[in-house]
Amino acid sequence: MAEFLTGAFWIAVGQIILIDILLGGDNAVVIALACRGLPPKQRRLGIIYGTAGAIILRVILIAFALALLAIPYLKLVGALLLIWIGVKLLAPQDEDDHGNIESSDKLWGAVKTVIIADLVMSVDNVLAIAGAAESAGQHQLFLVIFGLVVSIPIIVAGSQIVLKLMDRFPIIITLGGMLLGWIAGQMLYTDPGLKPYLPASKAWEYGAAAAGALLVLAIGKAIAMRSKSAAEAS
């Protein structure tokens, strides 16, 4: 029980919840689009079953990811992917990303749509959550499940509030992108294949994490400014 009272454990829980809110906004949109064709009485069931299936699938994927991250150089690849995901989070978004999600007038058809769509979109969540859970040491899978369970009502019931807060306070998205860069830096520094060549120092690890956060911020802002300039020129 003592492990659950450590600062590292609760910091990791906070990171997982924030990651789920930032990267899980798509899930609320997909659920709404997939269930919009259902009769009113079945919409709530579609949302509950679809969300439950998606979360169970994600826990399984993250369990595999936690095991795979022990293989040399896979953390390096995961870190590079997380940096790209963080940059993508800060860059201007395409408004038509969900235009190909079809609704269904059958309950299980809608549930299947939600689960398949979530599987396709889960790469970013799985990598980020697995990286955050690793920093807590023991009880990683418990931590993942706990973080996901806590974030479910936030994503499903409070998605509109969260989206409005993000629109009003863009700093939330910026901090989220930097968090992914931070986790990427830690993942890269703790890669089993690179560990023998790097100093065994927490200060260096935090330095790598800070460098990852700043890298995501710099690239993301540069892309956003370039897109803004291009839009103004046209």
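The values are calculated or read from the model by the stated rules, or taken from the named source; none is laboratory data. Worth saying up front: this structure is predicted, and the values here are computed from it rather than measured. Reconstructed Cβ throughout: ideal geometry from the backbone, glycine too, with neighbour counts over all protein chains shown. Quick note on the areas: whole protein, heavy atoms, side chains included, nothing else; ligands and nucleic acids left out. Shrake-Rupley method; radii C 1.70, N 1.55, O 1.52, S 1.80 Å.
For L194, the residues whose amide H sits under 5 Å from its own are Y73, ignoring neighbours fewer than 5 places away on the same chain, with H placed 1.01 Å from N. Only protein heavy atoms count here; under a 1.4 Å probe, K202 has an accessible surface of about 120 Å².
Computed 3J(HN,Hα) for the stretch 214-227, one whole-Hz value per residue from the Karplus formula 6.51 cos²θ - 1.76 cosθ + 1.60 where θ = phi - 60°, is 5, 5, 4, 4, 5, 5, x, 5, 5, 5, 4, 5, 5, 5, glycine and proline marked x. Computed over protein heavy atoms with a 1.4 angstrom probe, the accessible surface ordering of L69, L57, largest first, is L57, L69. Efficiency by 1/(1 + (r/R0)^6): what FRET value for K41 and A63, r their Cβ-Cβ distance, R0 = 41 Å, to the nearest 0.05? Working from the Cβ atoms, E equals 0.70.
Under 5 Å from the amide H of G37 lie the amide H atoms of S104, each residue being 5 or more positions distant or on a separate chain, with H modelled from the backbone and absent for Pro and chain starts. Backbone geometry of the stretch 65-72 corresponds, through the Karplus equation with coefficients 6.51, -1.76 and 1.60 at θ = phi - 60°, to 3J(HN,Hα) couplings of 4, 4, 6, 5, 5, 7, 7, x Hz, x marking Gly and Pro.
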